[in-house]
Amino acid sequence: MSHFGFKRERFDLAPHQALLADPVAGAYASFEGWVRNHNDGRAGVLYLEYEGYEQLGVKEGERIIAEAFARFDITKAHCIHRLGKLEIGELAVWVGVSAAHRDAAFAACRYIIDEVKHRVPIWKKEHYADGDSGWVNCEACAAHAADTPPLK
Amino acid sequence: MVQIRVEYFAILREHVGSAHEALSTSAATVGDLYEELDRRYAFPALGRLKVAVNDEFCDWSTPLQDGDMVVFIPPVAGG
């Protein structure tokens with residue numbers, strides 16, 4: 001049973017939330033990441049494009065959720081990340097965790113979204129109203145890391 | 001010489017103008033391969049670049065083998 005997945009189209013959360021149900025679970029915590037219309041102090045984001053290296057992304061996502069099971073006393077956990085073009089307000093990522101008690105559910109949910117953002121090979125391109133566009137975390141690096149060797 | 005495949009994503013895909021290519025190379029490691037391709041494409045400087053071979057993260061010193069599929073991984077931005 002897979003715990004991490006990508007979806008290229010909008011999807012209904014209800015069936016995914018239902019997978020977290022369990023008689024021992026007294027808590028359900030979730031995180032939803034939504035597409036916002038500004039980033040890094042700059043307004044005018046029109047839409048985002050997410051691109052993923054799916055084969056490695058699924059492996060890394062599954063590893064993160066396995067780590068969450070090892071670290072926290074949780075019952076079930078799932079994460080879904082969207083790919084493709086997303087409009088403002090759309091759901092970009094969902095994490096759902098069930099547990100006997102809320103502390104573990106909150107902590108595991110936080111752990112999973114933080115690790116997914118840092119480790120899963122997903123890239124986000126912002127498209128602005130003025131016609132500009134850029135890959136988040138890459139363009140600034142390209143501008144500021146010109147004297148840094150890449151293989152570090 | 002080994003025959004390998006390189007796949008490009010995001011900023012590197014756009015920079016190279018292609019999502020993948022098949023290559024014959026004398027590069028001994030994935031780091032050597034990066035330097036060879038950087039001479040050809042003049043990749044943008046990307047700070048914390050990572051690399052994967054055959055769908056697993058690996059070190060830059062990983063030896064290249066015939067049939068390997070290599071992906072250079074620019075800084076990620078999920079969520």
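Pulled fully out, how much extra length does the chain show between A:GLU90 and A:ASP12, if you take 0.36 nm times their separation in residues and subtract their Cα-Cα distance? Please list the in-between numbers first.
Details: separation 78, 0.36 × 78 = 28.08 nm, distance 1.20 nm.
Extending this stretch completely gives an extra 26.9 nm.
Compactness check for the protein assembly as shown: Cα Rg over 2.2 N^0.38 Å is 1.10.
For GluC sites (Glu not before Pro), the sites in the range A:1-59 that DSSP calls loop and that have at most 15 other Cβ atoms within 10 Å are A:GLU9.
Label point of A:LYS117 set 7 angstrom out along Cα-Cβ; within the range A:1-31, amide nitrogens under 13 Å from it belong to A:31. Evaluating kT/(6 pi eta Rh) at 10 °C and 1.306 mPa s, with the Kirkwood radius of the range B:2-73 over Cα pairs in the Stokes-Einstein relation, gives 131 µm² s⁻¹.
Take B:SER61: with every protein chain present and a 1.4 Å probe, its accessible area is about 80 Å². Report the residues of the range B:46-71 in range of a label on B:ALA28: point 7 Å along Cα→C-beta, backbone N strictly under 11 Å from it. Once the point is set 7 Å along Cα→Cβ of B:ALA28, B:63-64 turn out to lie under 11 Å by backbone N, inside the range B:46-71.
The listed residues A:HIS101, B:HIS15, A:HIS3 rank as A:HIS101, B:HIS15, A:HIS3 when sorted by accessible area, largest first, using a 1.4 Å probe. Protein heavy-atom accessible surface, 1.4 Å probe, per residue over the range A:4-144: 49 Å². Ignoring ligands, DNA and RNA, what percent of the 1.4 Å accessible area of chain A is carbon and sulfur? Of the solvent-accessible surface of chain A, carbon and sulfur hold 52 percent. Counting charges near B:THR29 (Lys, Arg +1; Asp, Glu -1) among other residues having Cβ under 10 Å from its Cβ returns a value of -3. Calculated mean residue ellipticity at 222 nm for chain A: -9500 deg cm²/dmol, from DSSP H runs with n ≥ 4 weighted as -39500 (n - 2.57), summed, divided by the residue count and rounded to 500.
Would you work out what percent of the accessible area of the range B:2-73, with all protein chains in place, is carbon or sulfur (probe 1.4 Å)? Please list the in-between numbers first.
Numbers: 1510 of 3220 Å².
Carbon plus sulfur share of accessible area: 47 percent.
Rounded to the nearest 0.05, what FRET efficiency do B:CYS58 and A:PHE69 give with R0 = 30 Å and r taken as the Cβ-Cβ distance? Could you check?
On the way: r = 25 Å, r/R0 = 0.85.
The computed FRET efficiency comes out at 0.75.
Among residues other than B:GLY17 with Cβ under 14 Å from its Cβ, the summed charge is -1 (Lys and Arg +1, Asp and Glu -1).
Rounded to the nearest 5, the antiparallel percentage of DSSP beta bridges internal to the range A:4-144 is 90%. Computed over neighbours whose Cβ is under 9 Å from that of A:VAL45, the net charge equals +1, Lys and Arg +1, Asp and Glu -1.
Angle of helix A:54-71 to the longest C-alpha principal axis of chain A, folded into 0 to 90 degrees and rounded to 10: 50°.
Farthest toward the positive end of the dipole of the protein assembly as shown, out of A:HIS16, A:CYS138, B:ALA28, is the Cα of A:HIS16, where the dipole comes from beta carbon charges about the Cα centre.
Tell me the total accessible area that B and A bury against each other, 1.4 angstrom probe, in square angstrom rounded to 100. Before the final figure, lay out the partial values.
On the way: alone 4810 and 9200 Å², together 11300 Å².
Approximately 2700 Å² gets buried when B meets A.
To the nearest ten degrees, helix B:30-41 and the longest principal axis of the Cα atoms of chain B are 70 degrees apart.
Find the accessible area per residue for the range B:2-73; the probe is 1.4 Å, ligands and nucleic acids are left out, and the unit is Å².
Details: 3220 Å² over 72 residues.
It amounts to 45 Å² per residue over the range B:2-73.
If one takes the longest principal axis of the Cα atoms in chain A, at what angle in degrees, from 0 to 90 and to the nearest 10, does the Cα axis of helix A:102-119 lie? The two axes meet at around 30 degrees. Across chain A, the relative contact order, built from alpha-carbon pairs under 8 Å that are at least six residues apart, equals 32 percent.
The values are calculated or read from the model by the stated rules, or taken from the named source; none is laboratory data. Bear in mind the structure is a predicted one, so any value in this text is a computation, not a measurement. Glycine also receives a Cβ, built like all others from the backbone with ideal geometry; neighbour counts cover every protein chain displayed. Side chains included, ligands, DNA and RNA excluded: accessible areas come from the protein's heavy atoms. Shrake-Rupley method; radii C 1.70, N 1.55, O 1.52, S 1.80 Å.
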